[in-house]
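Worksheet: one structure, shown below.
No value in this document is a laboratory result; all are computed from the given coordinates. None of these values were measured; they are calculated from a predicted model. Cβ sites come from the backbone with ideal geometry, for glycine too, and all protein chains shown count toward neighbours.
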Amino acid sequence: HWPTRTNGLPADETSEVLLVTAAVAAGAGLACAVLVRWIARQRTAQASLHLQIQELSGAIRRLEGRNTDLQATADALVSERALLEQRTDALSKTLQHIDQGILMVDRSGTVAVYNKQVVTMLDLPEELLASQPPFSAVLEHQWRSAEFARTDRTLQDFVRAGGIMDRPQHYERERPNGMAIEVHSQPLEGGGIVRTFTDITQRKLAQMAIERAALFDELTGLPNRLALLRALETWRNAPEGTISLLSISLDRFRLLNNARGHETGDQVLVEAARRLSSERAGDDVVSRVGGDEFAVFHVQRGDDSEPEELPKRLLKRLEEPYVVDGVTLSITASIGVVWADAEASPATLLRQADVALSRAKDAGGDQVAYYTPSMTVAREERFQLEQSLREALGANTFTLAYQPIIAVESGEIVGYESLLRWVDPVRGNISPATFIPIAEATGLIVPLGRKALVWACFEAASWPNERSVAVNLSPAQFERGKIVETVREVLARSGLAPQRLELEITEGMLLEQTGLVLETMTALREIGVGLTIDDFGAGHAGLSYLRRFPFKKMKIDGSFVRSLGKDSASDAIVEAMLLLGKRLNMRVVAEGVETEEQLEQLRRMRCPYVQGYLTGRPMAPELARGL
Ligand code: C2E
Ligand code: CA
Ligand code: CA
């Protein structure tokens, strides 16, 4: 507050002072207000600066924090990258070491990953793959090198259409070099594909081997029975033309097999298969349906040659000599043929062809027989006969007839051959030529032959003289019947001197020249019984058999005797046989002597013994005993 100076100064002055004072006061007041305001403003500015500083330092702190985070992230990234590299390394090592070939195509269609297996497996140029080529370039290369040529058209079209990238695929194909591969192609999520290739050649081969085994014969490589039946069935489903089915078999193959060994037998079969195959025409199926049995299924078309021509040709071909290990073998064959329509079932057809085949065989082999329904009837009869034979065996309705064997010089009976006779109540007299083969085929010959042996021995033991008795033996008796024991036992029981018993065996048995046969024969000789080779010259036995086996007697087959004086070759053969017998110290009997001329000629040839209708028919035991 300013002091008032009115008391000390004149009025004018006072008022002037007052004025000045007032002015000064007013000015000061104004200044003061300005100052105050300035100060206030300064304060606000300061406060905001402070705030800013605070914010800034916060920001700095945050930045610092983030920096550490970033550092950590960077560190993590580095170690992750290391891990990734490790993994990639492991992956690429794996890729190089797995069996499969791998090819990865990325989204842009570039081959991004491959392993060396894919290079070798697909024969791709390494440089091409290493250059990260477009996948299309790889396909292009494969296309040019005819990679897909062996595979079916759909794959070719597929590759050509370029659809390979779009969808998963799984297929197998054969490479030009014969390798079988399995291809898997899997599109990737973000585009691109992974293709894997597996070598499945071994698996395929094994699979093929299994399939082959089921449908093909191992030895000859021909389709087997099952394959043949399937082919017949296929034809029946769409029959076209007519068919003939040929059932083919080598004659007396079992004997050959046993005589020469299975290896030789196998070689003959392989050769026979080869010959049959070489005559194959069109869609003929040549198959091996069993041991020595082949079948040919032939479809006859309109323009075909003579239907009878094929079996004849095959027969001729099969009968050409076989050379095995330097040895020439002549083998005949038999063929049964059935002409068929689609009516009959494959199994029936095969059976009918077989029936015709057995007819050809029964008639001596080396021929063709055509199936007729009457053959089935004959078959049926044979079956009936077999039944009757069984019954007869049980009922003992067999008898033995005795045919004298004569010494040519003296005209005396030296012995008898016992021959089975069977009189069936319905059919009457049945020839052994009919029932012996059936008995042999069914094994009935073993008990039947044993009976014949017993009867003959007891009969001969009752004779008032020392004549010999001959008994025929079948191969099966050697094989299955304990023949040595049986003979020893029968001789003991009947009291017949072993020297009076002669056992006749055919050449066929010798062909089955297993150690067993020789062993058995030696044992029989040791007992003291005589061994005779029957039907000599009619079969397959070579002369060497005479040396190898201990025979006492040889019987010249009746067929040679019958042609005596008719052709000079037969005469020569008979003379040679007689000489052979003499040299080998064997007694020779000429069989089937029916005429005086034959006997006269044999006498001139110095044949020691004869047997035949001329000198005595097979007769009842009482009659023989009385002579
Ligand atoms: P095989 O051993 O060659 O017997 C001789 C056959 O010739 C007998 O026929 C006999 O009757 C016949 N025969 C004898 N002389 C003459 C003749 O002058 N002219 C003609 N055309 N034939 C004559 P069979 O009795 O019919 O016997 C046939 C075959 O049956 C025998 O031939 C033999 O292989 C077999 N067989 C007979 N009995 C038995 C036996 O008990 N056991 C065995 N395993 N087979 C037997
Ligand atoms: Ca005989
Ligand atoms: Ca004979």
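Annotations for the structure displayed:
- The residues packed around GLU575, meaning those with a beta-carbon under 14 Å from its beta-carbon, carry a net charge of +3 if Lys and Arg are +1 and Asp and Glu are -1.
- Calculated on alpha-carbon atoms, Rg and Dmax of the stretch 151-281 in Å: 23.3, 76
- Helical content alone sets the calculated 222 nm signal of the chain at -16500 deg cm²/dmol, taking -39,500 (n - 2.57) per DSSP H segment of four or more residues and averaging over every residue.
- Summary of the geometry: the stretch 586-627 and the stretch 50-73, compared by the centres of their Cα atoms, lie 140 Å apart.
- Over the stretch 498-623, equivalent-ellipsoid semi-axes from the Cα gyration tensor in Å: 25, 18, 12
- Under the Debye formula (equal points on every Cα, no solvent term), log10 I(q)/I(0) of the chain at q = 0.08, 0.09, 0.11 Å⁻¹: -0.81, -0.92, -1.16
- Distance distribution note for the stretch 460-568: the fraction of Cα pairs above 22 angstrom is 35%.
- Sum of side-chain charges, ALA360 neighbourhood, beta-carbon under 12 Å (Lys, Arg +1; Asp, Glu -1): -2
- Here the contact order of the chain, divided by its residue count and restricted to Cα pairs under 8 Å and six or more residues apart, works out to 8 percent.
- At least 30 Å along the helix axis (C-alpha) and Kyte average at least -1.0, DSSP helices within the chain: 11-97, 373-395
- Debye equation applied to the C-alpha atoms of the stretch 175-247, log10 I(q)/I(0) at 0.25 Å⁻¹: -1.09
- Two-decimal log10 I(q)/I(0) for the stretch 358-513, as the Debye equation yields it once each C-alpha is a single scatterer, q = 0.12, 0.20 Å⁻¹: -0.61, -1.33
- Net charge of neighbours whose Cβ lies under 14 Å from the Cβ of LEU70, counting Lys and Arg as +1 and Asp and Glu as -1: -1
- Listed by chain and number, the aspartates and glutamates whose alpha-carbon sits under 15 Å from that of LYS482, ignoring those within fewer than 8 places in the same chain, are GLU519.
- Burial ordering of MET165, MET521, MET208, MET509, fewest other beta-carbon atoms within 10 Å first: MET208, MET165, MET521, MET509
- From the C-alpha gyration tensor of the stretch 77-153, square roots of 5λ in Å: 29, 14, 10
- Across all directions, the shadow cast by the convex hull of the stretch 421-499 built on its C-alpha atoms averages 6.0 square nanometres.
- Length-normalised contact order of the stretch 405-549 in % [C-alpha pairs under 8 Å, at least 6 apart]: 20 percent
- Residue ranges 465-471, 187-193 sort as 465-471, 187-193 when ordered by packing (mean number of other C-beta atoms within 10 Å per residue, highest first).
- Over 18 Å between alpha carbons, listed pairs LYS93/LYS204; LYS361/LYS451; LYS361/LYS553; LYS451/LYS552; LYS555/LYS582: LYS93/LYS204; LYS361/LYS451; LYS361/LYS553; LYS451/LYS552
- Assuming charge only on the beta carbon of Lys and Arg (+1) and of Asp and Glu (-1), the dipole of the stretch 284-407 about its Cα centre is about 300 debye to the nearest 20.
- In the chain, the DSSP beta bridges split such that about 70 percent are antiparallel, to the nearest 5.
- Ranking of ARG175, ARG288, ARG427 by neighbouring Cβ atoms within 10 Å, starting from the fewest: ARG427, ARG175, ARG288.
- Unit charges at the beta carbon, dipole of the stretch 175-278: most positive-side option, GLY191, GLN202, LEU229: LEU229
- One Cα centroid belongs to the stretch 198-272, the other to the stretch 381-446; the line between them spans 40 Å.
- Value of relative contact order over the stretch 351-432, rounded to a whole percent, pairs C-alpha under 8 Å and six or more apart: 18 percent
- Note on the stretch 321-382: Cα Rg divided by 2.2 N^0.38 Å, N the number of residues, gives 1.40.
- Ordered by the number of other Cβ atoms lying within 10 Å of each residue's own Cβ, fewest first, TYR609, TYR416 fall into the sequence TYR609, TYR416.
- Computed Kirkwood radius, in angstrom, where 1/r is averaged over Cα pairs of the stretch 212-333: 15.1 Å
- Working value for the stretch 335-449: equivalent-ellipsoid semi-axes of 37, 19, 11 Å, each the square root of 5 times a Cα gyration tensor eigenvalue, largest first.
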